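These notes are about the structure you will find just below.
The values are calculated or read from the model by the stated rules, or taken from the named source; none is laboratory data. Nothing here was measured: the structure is a model prediction, and the numbers come from that model. As a convention, Cβ positions derive from the backbone with ideal geometry for all residues, glycine included, and neighbour counts pool all protein chains shown.
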Amino acid sequence: MTRPAELHRFGRAERYVHWAAGILVIVCILTAAVLYNASLAVLVGNRHLVELVHVWSGFLLPVPIVLGFVSRGYRLDVRRLGRFVEDDWKWLRNKGRRLAATGVGKFNAGQKLNGALSAGSIIVFLITGTVMYFTSWTPLSWRTGATFVHDWFALAFGILVVGHIVYALRDPEAMRGMRTGTVTREWADDEHPKW
C-alpha cells in the first residue's frame, strides 16, 4: 500500500480561526499605529472612527478563538499547542536539533511558544482595553496602569506578529497548509517527523 503524497494538516475550523484572528490582529495593529503616530493620524483623519474600529476589533478578537472550540480538530490542536514535552526544550536549546526537526510533532516548540504568547497577550489586551475603554468603571490610576501595560504589550506583540509572518513567508509549504489544509508528506517528514 502506498502512502499518500499529501497529508491533511488543518481542518476548516483551524484555518478559519487562524485567518479571522489574524485579520483582527492586523486591523488592531494598523489602527493602533494611526492612533499613536501623529503623522499617520493626520494622513488618515477621523480619529474617532479609527478608535472605534480598533476597540471593536480588539473586543471581537476572542470570538473566533472561542467559536473554534466547537470543532474537535481545533480542540485537539489547542491541546497539542499547550503541551510542552522534553523534546521541545531540547529543540529550543539546540539549533542543530531545530534544523533537523528532531522530536517535533505536529507543532514545534517555536509554534507552541508563539501560541502561548499570543493567547496570553490577547487576554492582557482584553483586560487592559476594557479598563481603558470603560472609564467610569475604574479609578484613574488603574486606567493609567492599563494604558502603560497595553502599550508595551502592543509593541512586544507587534514584534511577535511580524516574526510570525516572516517565518510563514519563508516556508511556502507551511503557508499552503494554513491556506488549503494539506501539506506534502515530504515536508511533514522533514519538519514534523513525530506527527
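Test of understanding: among Val104, Val42, which residue is among the aliphatic types (A, V, I, L, M) and either surrounded by 13 or more Cβ atoms within 10 Å (Cβ to Cβ) or at pLDDT 95 or above (or both)?
Values: Val42 fails: either surrounded by 13 or more Cβ atoms within 10 Å (Cβ to Cβ) or at pLDDT 95 or above (or both).
Every option except Val104 fails the conditions.
For residues in region 125-136 being of a type in the set (A, V, I, L, M, F, W, C) and surrounded by fewer than 16 Cβ atoms within 10 Å (Cβ to Cβ), which is farthest from Leu24 (Cα to Cα)? Before the answer, list the steps.
Filtering region 125-136 down to residues of a type in the set (A, V, I, L, M, F, W, C) leaves 125-127, 131-132, 134.
Checking which are surrounded by fewer than 16 Cβ atoms within 10 Å (Cβ to Cβ) leaves us with 126-127, 134.
Numbers: Leu126: 13, Ile127: 17, Phe134: 21 Å.
In this case the residue turns out to be Phe134.
Test each condition in (1) buried (at least 17 other Cβ atoms within 10 Å of the Cβ); (2) modelled with pLDDT under 90; (3) in a helix (DSSP H, G or I) for Ser57 and report the one that comes out false.
(2)
Test His18 against the criterion of being over 21 Å from the mean Cα position of the chain (by Cα) and of a type outside the set (A, V, I, L, M, F, W, C), and give yes or no. Talk me through it step by step, then tell me what you get.
Numbers: over 21 Å from the mean Cα position of the chain (by Cα): no; of a type outside the set (A, V, I, L, M, F, W, C): yes.
Considered against the rule, which asks whether it is over 21 Å from the mean Cα position of the chain (by Cα) and of a type outside the set (A, V, I, L, M, F, W, C), His18 comes out as no.
Enumerate the pairs (first residue in region 24-47 and touching a residue at least 12 places away in the same chain (Cβ under 8 Å); second residue anywhere and assigned to a loop (DSSP other than H, G, I, E, B) and of a type in the set (A, V, I, L, M)) with beta-carbon separation below 8 Å, excluding pairs fewer than 6 apart on the same chain, so at least 6 apart or on different chains.
Leu24/Leu61; Val25/Leu61; Cys28/Leu61
Among (1) over 21 Å from Arg15 (Cβ atoms); (2) within 17 Å of the chain's Cα centre (by Cα), there is one condition Asp171 misses while meeting the rest; what is its number?
(1) is the only condition that Asp171 fails.
For region 161-195, name all the residues that are among the basic types (Lys, Arg), assigned to a helix (DSSP H, G or I) and over 17 Å from His18 (Cβ atoms).
The initial filter retains those residues of region 161-195 that are among the basic types (Lys, Arg), namely 170, 176, 179, 185, 194.
Retained after the next criterion (residues that are assigned to a helix (DSSP H, G or I)): 176, 179, 185.
Within region 161-195, just Arg185 meets the criteria.
With respect to Leu169, is the statement that it is within 30 Å of Ala5 (Cβ to Cβ), surrounded by fewer than 14 Cβ atoms within 10 Å (Cβ to Cβ) and free of Cβ contacts under 8 Å to residues at least 24 places away in the same chain true?
Numbers: within 30 Å of Ala5 (Cβ to Cβ): yes; surrounded by fewer than 14 Cβ atoms within 10 Å (Cβ to Cβ): yes; free of Cβ contacts under 8 Å to residues at least 24 places away in the same chain: yes.
When the stated conditions are applied, Leu169 passes them.
Here are some residues: Val78, Val104, Val124, Val149. Which one is within 22 Å of Met175 (Cβ to Cβ) and in a helix (DSSP H, G or I)? Write out each step before concluding.
Working: Val104 fails: in a helix (DSSP H, G or I); Val124 fails: within 22 Å of Met175 (Cβ to Cβ); Val149 fails: within 22 Å of Met175 (Cβ to Cβ).
Going through Val78, Val104, Val124, Val149 in turn, the sole match is Val78.
In region 60-82, how many are loosely packed, with under 14 Cβ neighbours inside 10 Å and more than 19 Å from Ile123 (Cβ to Cβ)?
Result for region 60-82: 3.
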